[in-house]
Every structure is written in structure tokens, then in C-alpha cells.
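The values are calculated or read from the model by the stated rules, or taken from the named source; none is laboratory data. Note that the structure is a prediction, hence the values are computed from the model and not measured. Note that we place each Cβ from the backbone using ideal geometry, even for glycine, and neighbour counts take in every protein chain shown.
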Amino acid sequence: MFIWNTAVKSDPHQSLVGFVQMKSLGRAGQLLLTVFTVAAVASCLPKAGTDVGNGLTVKLNLQATPELAAKQEQAKALASGVVIDELWVTTVKFRLTPGADCESPDPGVDIPGPAFADLLGPGFVGGSRMFETMTDTFCKLSFEFDEAKGAELPVGAPPELADAALFMRGHRADGVVFTVRSRAKDSVKLDAKDGSFELDGEEHALVVGFDLDAATTALALDTLPGDPIVVDDKTNASALKAFEKAIRTSAKLFDDDDEDGKLSPAEANAEHELGHGGPE
């Protein structure tokens, strides 16, 4: 198969102005302003899920599965004999939807993006992405692939990822090289396996795994002409569409027990699965 840190920084000038203004209000005005502020803050908190006291920090990462063997270093050999040499994605708009069900629309975004990820390496460039939530019950994780036009590529990313959502390079068992480049702005929706799931503790780590066996099978590489084989929106476009669908629907959300941002074979199983893509 196939995490972002956000912080809100206050403006010290605005804080000083607010303090001076509050001092000028007098005792009654200060009390009124305090009540209004508390009410405003309370109204902004998530309504769904269970109160978890000081909140929950969620760490999120992306990875290709099955896990790389140590001897493979930065390439992934699949059961079919296909070898993936590099695989990068550009992602945006991550949302871990709170609540016991997802019947009501939830437009919120936890991680805006763009976020670049090396799926054969550490995942997100710069490490797992983190965000805070005041609930512990969730029904879905969603995000999008995006071209991230004009964004500066991170060190190590292939130049082909520029203005693309995904780039993969590898070779078939017979040595024929292939490349896959997608610009599709597709949504990935991982619904909770049992309707909803709960995250315990003050910090919890999750990993999205993308099944490369399923994705490369959808390419049907043995049927494609060329040496190298090129798959993009102009060449072998039907194979690209099948690959893009397989990437979305084969993705799964897992518990990362040891919080190392990777999925071991012991973690990439049904017991640790929290959510999954589905048929379209």
C-alpha cells in the first residue's frame, strides 16, 4: 500500500492594544467583555465527540505498503516482480471528522497544505504532521491530492513532481522502466471501519497506507507499450485513470502503536485498521 504541524501565533501589538482598550472600559465593561470572550471561545469548540480535557494531539503520516525490507533501501519490490524506485505525492485539506457518524456536512480543515510526502521514505517531508482536537471520536479521515502549482519542491523530490499530484518511477520484472505522473485533484475518503473510532490518550499517531500491489495491478503494465513506458494524462490515459482510482480506494487508515510514523507488518493488519476507502 500507500503525517503537518499547525500553530496560531498571536500579534503582540494587537494584544497590547486589547489590554489598553480593556483598561479603559472600567469594571463593568471588563466583566462584560470577559463573559463575551468566554462565550465566543466556547462556541468555536467542536460539538461532536467526547470531551478529552486538555485536548488530543493527533500525529499523521503517509506511507506506501507493504513495508520496505531493510535490504531494499529506497526501492520497493512487489510480489508481481515490479519494483518501485520512487513515489511522491502532493496533498492538501486533511480533515479528521469528529463525531459518531458523518451524516452532517463537515467543511473544516485540520491541515491545509500543500504537504509533500515521500511514500517510500519517511512520509511527510519534515516529519509527521500534528494538529489539536477537543474530541476523541471520529467517523472519517479525508484529504485531497493536488498539483500545488507554483510551490517550491522539497529537497530530494523529483522534478517531475512540479505541478503534479503524484509521480512514480519503477521498472517491470523484465527491466522495462515506467513512469506515472498524475495531476488529478482527487479526494480520498477513509470511512471508519465500524462507523466511528476512538483515539485514547493525550497524543495519538495514525498512518495512511496506500496499497502499491493494488495500484500497480490496476496499471496492467504488461499490456502497455513503450520502453520506457509513460503513463500520464496524454499517454496511456486509461491506465492512469485505473491507477488513480486504485490509489484512492485501496488506502487505509491505521493505528501507529509505536508512533514512529511507519507501518510495520504487525500494525498494517485488520486489528489496527481504523478506516478504509471504498468502491466508487
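Could you identify the single residue in ASP194, ASP200, ASP211 that is surrounded by 14 or more Cβ atoms within 10 Å (Cβ to Cβ), out of contact with any Cys (no Cβ under 6 Å at 6 or more places or on another chain) and of a type in the set (Asp, Glu)?
On the way: ASP194 fails: surrounded by 14 or more Cβ atoms within 10 Å (Cβ to Cβ); ASP200 fails: surrounded by 14 or more Cβ atoms within 10 Å (Cβ to Cβ).
That would be ASP211, the only listed residue that is surrounded by 14 or more Cβ atoms within 10 Å (Cβ to Cβ), out of contact with any Cys (no Cβ under 6 Å at 6 or more places or on another chain) and of a type in the set (Asp, Glu).
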Output the residues belonging to the range 108-136 that are in a strand (DSSP E or B) and either surrounded by fewer than 18 Cβ atoms within 10 Å (Cβ to Cβ) or of a type in the set (Gly, Ala, Ser) (or both).
-> ALA115, ALA117, GLY123, GLU132
Given the residues ALA214, ALA164, ALA192, ALA205, which is the only one that is of a type in the set (A, V, I, L, M) and within 24 Å of SER80 (Cβ to Cβ)?
-> ALA214
At least 1 residues that are closer than 25 Å to PRO114 by Cα and touching a helix residue (DSSP H, G or I) at 6+ places or on another chain (Cβ under 6 Å) in each: list the strands (runs of 3 or more DSSP E) lying fully within the range 145-257 that qualify.
-> 166-171, 177-182, 187-192, 203-211, 229-231
Can you run down the residue pairs with Cβ atoms below 8 Å, 6 or more apart or on separate chains, where the first is in the range 168-182 and under 15 Å from ALA77 (Cβ atoms) and the partner is among the aromatic types (Phe, Trp, Tyr) and at pLDDT 95 or above?
-> MET168/TRP88; ARG169/PHE178; GLY170/PHE178; HIS171/PHE178; ARG172/PHE178
